[in-house]
1. Just need a number here: residues in region 127-147 that are surrounded by 13 or more Cβ atoms within 10 Å (Cβ to Cβ) and more than 13 Å from Val91 (Cβ to Cβ).
2. Hey, among Arg45, Arg19, which residue is of a type in the set (Lys, Arg) and more than 16 Å from Gln207 (Cα to Cα)?
3. I'm trying to understand the selection: among the residues of region 34-48, which are surrounded by fewer than 23 Cβ atoms within 10 Å (Cβ to Cβ) and either in contact with a Gly (Cβ under 6 Å, 6 or more places away or on another chain) or free of Cβ contacts under 8 Å to residues at least 24 places away in the same chain (or both)?
4. Please verify whether Ala155 is free of Cβ contacts under 8 Å to residues at least 12 places away in the same chain, over 14 Å from Asp99 (Cα atoms) and more than 8 Å from the ligand (Cβ to nearest atom), treating the condition exactly as stated.
5. Only one residue in Val122, Val113, Val92, Val51 is touching a Ser or Thr at 6+ places or on another chain (Cβ under 9 Å), of a type in the set (A, V, I, L, M) and either open to solvent by 20 Å² or more (accessible area, probe 1.4 Å) or in contact (Cβ under 8 Å) with a residue 40 or more places away in the chain (or both). Which one?
6. Could you grab me the full set of residues in region 142-166 that are in contact with a Lys or Arg (Cβ under 9 Å, 6 or more places away or on another chain) and in a strand (DSSP E or B)?
7. Is it the case that some residue within region 179-194 is under 18 Å from the mean Cα position of the chain (by Cα), within 11 Å of the ligand (Cβ to nearest atom) and not β-branched (Val, Ile, Thr)?
8. Consider Phe27 against the criteria (1) open to solvent by less than 60 Å² (accessible area, probe 1.4 Å); (2) not in a loop (DSSP other than H, G, I, E, B): it satisfies all of them except one. Which criterion is unmet?
Amino acid sequence: PRDQDLLGVKVVVSAGPTREYLDPVRFISNPSSGKMGFAVAQAARDRGAEVVLVTGPVSLPDLPGMRVQRIESALELRAAVLEAAQDAQMVVMTAAVADYRAADQLTEKQAKVAQDLTISLVPNPDILAELGGSKGGRVLVGFAMETHAGVERAAAKAQRKNADFILLNYPTQEGSAFGGDDNQVTLVRPDGTSEAWPRLSKLEVAQRLLTEAAKLLPAG
Ligand code: C5P
């Protein structure tokens, strides 16, 4: 039924974690596997889209039939996504972007000392919010992981970032954990309306996401 409904549509997908280096060998990161983003990229490709997949460090191999750009830090992710998004009609931000990076990145390995260590962190830019700030005609989709008040918080996030919708999941819920092959998400719109989807494979979540996002593309 979906066939080639994204033919001629450029889709940018971000995936995986970011790494925020403290020194050349240590970083702050998170356990994002990249599977959700890779599934979105694969599904979009199969529906005819021109796909750019920008991914943080994950153990997944490149997907054929698209441009795969590997980055490490949030700042690198930002540069790659903003560049690729310029002539895109859809951006799906599945990346688990680190909220903070080190205020100063040491160029030499930090020696161990027998004292407490304080690290200064500064906030990373919010890429989705930046895209939302100059939205143009683009369809913008985000993900959010919440431990409580999920729908309210995700709706507020969608509003603040000017995203068309956010797929909300809960880290604690069975079938939603980092790294799994399934996901149980709730689609949340900025107006607070939501739809809970059943537990599905990440590829099926990706297909539904694209079906919802495709409805928002300008006709033509
Ligand atoms: O605010 P929060 O991190 O929960 O928002 C999650 C959504 O925003 C995801 O789609 C994520 O990729 C995106 N995001 C971003 N830049 C950040 C943080 C999150 O684009 N610095």
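1. 3
2. One residue alone meets the criteria, Arg19.
3. Arg45, Asp46
4. Judged against the criteria, Ala155 is not a match.
5. Numbers: Val122 fails: touching a Ser or Thr at 6+ places or on another chain (Cβ under 9 Å); Val113 fails: touching a Ser or Thr at 6+ places or on another chain (Cβ under 9 Å); Val51 fails: touching a Ser or Thr at 6+ places or on another chain (Cβ under 9 Å).
Result: Val92 is the single residue among Val122, Val113, Val92, Val51 that is touching a Ser or Thr at 6+ places or on another chain (Cβ under 9 Å), of a type in the set (A, V, I, L, M) and either open to solvent by 20 Å² or more (accessible area, probe 1.4 Å) or in contact (Cβ under 8 Å) with a residue 40 or more places away in the chain (or both).
6. Those that are in contact with a Lys or Arg (Cβ under 9 Å, 6 or more places away or on another chain) and in a strand (DSSP E or B): Gly142, Ala144, Phe165, Ile166.
7. Looking through region 179-194, none of the residues is under 18 Å from the mean Cα position of the chain (by Cα), within 11 Å of the ligand (Cβ to nearest atom) and not β-branched (Val, Ile, Thr).
8. All conditions are met except number (1).
The values are calculated or read from the model by the stated rules, or taken from the named source; none is laboratory data. Owing to the predicted nature of the structure, the values given are computational and were not obtained by experimental measurement. Here Cβ is always computed from backbone atoms with ideal geometry, including for glycine, and neighbour counts include all displayed protein chains. Surface areas here come from the heavy atoms of the whole protein model, side chains and all, with no ligands, DNA or RNA. Shrake-Rupley method; radii C 1.70, N 1.55, O 1.52, S 1.80 Å.
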